[in-house]
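The values are calculated or read from the model by the stated rules, or taken from the named source; none is laboratory data. Treat the numbers as computed from the prediction; the structure is a model and nothing was measured. Cβ placement follows ideal geometry from the backbone for every residue including glycine, while neighbour counts extend to all protein chains displayed.
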Amino acid sequence: MTHDMLLALAKEALKNAYAPYSRFTVGAALLCTDGTVYTGCNIENAAFSPTVCAERVAFFKAVSDGKRDFTAIAIVNGNGTPCSPCGVCRQVMAEFCAPDFTVVLENNGAPAAYPLAELLPHSFAL
Ligand code: THU
């Protein structure tokens, strides 16, 4: 699974985004180490705080299916600019992923990859 392929799956997931309040649509595609892919989109709510980001939808779908080992996640938004994950999603990634887990964004049509350790150094842990 190339980074380009994972970005393409994230773009497909973007089509299901429910973002009537922000109009900022996001899609994510999470690659498990066993090769399976879980997608997610952002899902907003009139009360705002129940809104869930695309990345967490993908992670929670996978974890609730029993997946625990992850390789990479691709994230895109509807306006084509790089979509760096929010702090809450980074912490969720840190819960389940090794420091070398790869976050793939799209920058000017090309994949840009970052290790999780670079995006969230000193993550919280119990
Ligand atoms: N959002 C995501 O889905 N992922 C991110 O990494 C950043 C933000 C969503 C949440 C909300 O629906 C909209 O984008 C604007 O914040």
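If you take the residues in the stretch 68-83 that are out of contact with any helix residue (DSSP H, G or I) (no Cβ under 8 Å at 6 or more places or on another chain) and closer than 15 Å to residue 25 by Cβ, which one is nearest to the ligand (Cβ to nearest atom)?
83
Given (1) outside any helix (DSSP H, G or I); (2) closer than 17 Å to residue 104 by Cβ; (3) among the basic types (Lys, Arg), where does residue 11 come up short, assuming only one miss?
With (1) outside any helix (DSSP H, G or I); (2) closer than 17 Å to residue 104 by Cβ; (3) among the basic types (Lys, Arg) applied to residue 11, the lone miss is (1).
Which of the residues belonging to the stretch 82-112 are touching a residue at least 40 places away in the same chain (Cβ under 8 Å) and loosely packed, with under 12 Cβ neighbours inside 10 Å?
none
How many residues does the stretch 1-60 contain that are in contact (Cβ under 8 Å) with a residue 40 or more places away in the chain, among the β-branched types (Val, Ile, Thr) and surrounded by 22 or more Cβ atoms within 10 Å (Cβ to Cβ)?
1
May I ask you to verify whether residue 38 is within 14 Å of the ligand (Cβ to nearest atom) and either at pLDDT 95 or above or in contact with a Cys (Cβ under 7 Å, 6 or more places away or on another chain) (or both)?
Considered against the rule, which asks whether it is within 14 Å of the ligand (Cβ to nearest atom) and either at pLDDT 95 or above or in contact with a Cys (Cβ under 7 Å, 6 or more places away or on another chain) (or both), residue 38 comes out as no.
Among (1) within 28 Å of residue 126 (Cβ to Cβ); (2) without any contact (Cβ under 8 Å) to a residue 40 or more places away in the chain; (3) among the hydroxyl-bearing types (Ser, Thr, Tyr); (4) surrounded by 17 or more Cβ atoms within 10 Å (Cβ to Cβ), which single condition is residue 71 missing?
It fails just one condition, (2).
One residue is enough: does the stretch 47-60 have a residue meeting the conditions of a type in the set (D, E, K, R) and out of contact with any helix residue (DSSP H, G or I) (no Cβ under 7 Å at 6 or more places or on another chain)?
Checked the stretch 47-60: no residue is of a type in the set (D, E, K, R) and out of contact with any helix residue (DSSP H, G or I) (no Cβ under 7 Å at 6 or more places or on another chain).
Which of (1) under 12 Å from the mean Cα position of the chain (by Cα); (2) among the charged types (D, E, K, R); (3) away from the ligand (no atom under 14 Å from the Cβ) is the odd one out, the single condition residue 65 does not satisfy?
(1)
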